[in-house]
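Trainee: Handing you a structure now.
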Amino acid sequence: MPPSTPAAFGITWDHIHLRTPDVEATAVWFREMLGAEIVRSPGRTDLALGGAKIFLAQMSDGDGVAPPPTPPHQGLDHFAFSVVDIDTLAEQLKAKGVAFTTEPLNLRPGLRICFIRGPQGISIELLERDPKYT
């Protein structure tokens, strides 16, 4: 008899796939701004960050890839990374020139968030959770 619930299928997070006109610049941005590890293999440049794999795919003009949508839009809106000491991280990112679309704020007790703009307009949420509220 087949499994009846999603948990029975052993579903776990695997990766995020980003298309970019400049794989190297995107990889360097994630390394320099968020501390990602650049993982190189023949014909690929990927990232390891916070337990997530981020696959980078080269795109070129004329290959049929649409430009990034203007937010808000349907579909994937953003992805998020949990951090420690969001305010200090935000100060460091601002000093590096990272654009913030939402400054650090308390969303509710125990949850502080901000949003930054990554390469190609990617929306990235950074969040800090106070364990006493989880």
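The values are calculated or read from the model by the stated rules, or taken from the named source; none is laboratory data. Please read all numbers here as calculations on a predicted model, not as lab measurements. So basically every Cβ, Gly included, is an ideal-geometry build from the backbone, and we count neighbours across all protein chains shown.
Trainee: I need a count of the residues in the stretch 16-54 that are exposed (fewer than 14 other Cβ atoms within 10 Å of the Cβ), within 17 Å of Arg117 (Cβ to Cβ) and either in contact with a strand residue (DSSP E or B) (Cβ under 7 Å, 6 or more places away or on another chain) or of a type outside the set (A, V, I, L, M) (or both).
Mentor: Result for the stretch 16-54: 1.
Trainee: Of all residues being part of a loop (DSSP other than H, G, I, E, B) and at pLDDT 95 or above in the stretch 33-71, which is nearest to Ala95 (Cα to Cα)? Just the residue, please.
Mentor: Gly35
Trainee: Please go through the stretch 72-94 and pick out each residue that is part of a loop (DSSP other than H, G, I, E, B) and in contact with a Gly (Cβ under 9 Å, 6 or more places away or on another chain).
Mentor: The answer is Val83, and nothing else.
Trainee: Also, quick follow-up: Considering (1) modelled with pLDDT of 95 or more; (2) polar (S, T, N, Q); (3) outside the structural domain of Arg129 (by TED's automatic domain parsing), say which one Thr20 fails and leave the rest.
Mentor: (1)
Trainee: To continue, here is another question. Restricting the first residue to the stretch 46-69 and requiring it to be on the phi > 0 side of the Ramachandran plot, which pairs with a second residue that is part of a strand (DSSP E or B) and not aromatic (Phe, Trp, Tyr) meet a Cβ separation below 9 Å and a spacing of at least six or different chains?
Mentor: Gly50/Ser82
Trainee: In the stretch 95-109, what count of residues is obtained for those that are assigned to a loop (DSSP other than H, G, I, E, B) and more than 22 Å from Ile16 (Cα to Cα)?
Mentor: Residues flagged as assigned to a loop (DSSP other than H, G, I, E, B) and more than 22 Å from Ile16 (Cα to Cα) within the stretch 95-109 amount to 3.
Trainee: Right, here's the next one. Within the stretch 102-121, can you find the residues that are out of contact with any strand residue (DSSP E or B) (no Cβ under 7 Å at 6 or more places or on another chain) and surrounded by 11 or more Cβ atoms within 10 Å (Cβ to Cβ)?
Mentor: Selection gives Gly121 alone.
Trainee: Given the criteria modelled with pLDDT of 95 or more, surrounded by 15 or more Cβ atoms within 10 Å (Cβ to Cβ) and within 16 Å of Cys114 (Cβ to Cβ), does Ala99 qualify?
Mentor: So Ala99 does not fit the description; no.
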